[in-house]
Amino acid sequence: MRMPVDNFYTDWNGTAGYGYGDVTSYGRHDGVDINDNGAGNSDLGKPLYAIAKGKIVGIHKHTGTGNFGNHFFEMIEGAWGVRYVHYSHCLELYVTEGQEVNEGFKVALVGNSGTTYAHCHFAIKKKANGMDTVANTKDQLDDAWEDPIAFVEKYLTPVIQEPMAVITQKELDQIISDRDKNWNLYQEEIKRSDEVSVKFDNLNIEYNNYKTTHPDVPNIEPEP
């Protein structure tokens with residue numbers, strides 16, 4: 001399982017709009033309004049992904065404002081039982097009713113259909129009680145919905161990391177010994193190289209001095 005957007009914890013938030021259970025004009029907010037960390041319509045057109053493998057069981061497209069706009073439900077089954085994932089206010093939908101999708105499939109784009117500012121109304125239903133149904137009371141909310149962020153976090157696909165290599169103290173001591181030995185060899189090679197350079201410079205000086213006292217000596221050109 002995954003969040004409906006990439007980089008949710010760094011690039012997005014669930015606090016700029018209504019949160020789960022907030023009091024609204026009609027009753028209780030049944031989902032979380034996911035916005036990116038910009039303002040206004042900065043997230044308009046950004047991709048939305050399926051949180052888990054499932055099947056698209058309903059699509060509605062509304063015009064005007066004060067509704068869910070372009071929205072759909074995906075039914076998912078797993079350790080949690082059966083749940084209905086709700087994405088609302090979409091700009092574009094990339095799914096059709098009856099389509100099966102895998103986790104991470106790009107299902108829609110963030111939009112502002114049915115509302116003023118772009119965001120994704122993200123909700124999780126525990127039962128099928130109608131695509132456009134809202135929670136008028138706290139009891140209705142508790143009966144048919146649950147906090148979508150907490151739900152996803154509970155079942156997030158763990159990041160598998162390679163186990164760290166375990167070495168013994170003897171192996172570590174040998175590694176350190178080899179490192180020191182190689183370092184000493186390196187220093188010895190540098191010393192030899194410096195000695196050769198000094199000898200070459202001295203020979204060059206002697207040759208130049210000899211040419212000064214013996215101008216008839218031809219120049220020695222290196223072979224090509």
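The values are calculated or read from the model by the stated rules, or taken from the named source; none is laboratory data. It should be emphasised that the depicted structure is a prediction, and the values quoted were computed from it without experimental measurement. Positions of Cβ are generated from backbone atoms using ideal geometry, with glycine treated the same way; all protein chains shown enter the neighbour counts. Side chains included, ligands, DNA and RNA excluded: accessible areas come from the protein's heavy atoms. Shrake-Rupley method; radii C 1.70, N 1.55, O 1.52, S 1.80 Å.
For (1) over 16 Å from Asp33 (Cα atoms); (2) modelled with pLDDT of 95 or more; (3) aliphatic (A, V, I, L, M), each residue gets a yes or a no:
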{"site": "Tyr94", "(1), (2), (3)": "yes, yes, no"}
{"site": "Val101", "(1), (2), (3)": "yes, yes, yes"}
{"site": "His119", "(1), (2), (3)": "no, yes, no"}
{"site": "Phe151", "(1), (2), (3)": "no, yes, no"}
{"site": "Pro158", "(1), (2), (3)": "yes, no, no"}
{"site": "Pro163", "(1), (2), (3)": "yes, no, no"}
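Just to be sure, is Glu103 part of a loop (DSSP other than H, G, I, E, B), within 25 Å of the chain's Cα centre (by Cα), farther than 19 Å from Ser42 by Cβ and acidic (Asp, Glu)?
Criteria met by Glu103.
Looking at region 61-78, I want the residues that are within 19 Å of His29 (Cα to Cα) and have a partner that is at pLDDT below 95 and among the aliphatic types (A, V, I, L, M) with Cβ atoms under 7 Å, at least 6 apart or on another chain. Which pairs are those?
From region 61-78, the pairs are Phe73/Met131.
From the set of residues in region 121-149 that are under 21 Å from Asp36 (Cα atoms) and among the aliphatic types (A, V, I, L, M), which is most open to solvent (accessible area, probe 1.4 Å)?
That would be Ile149.
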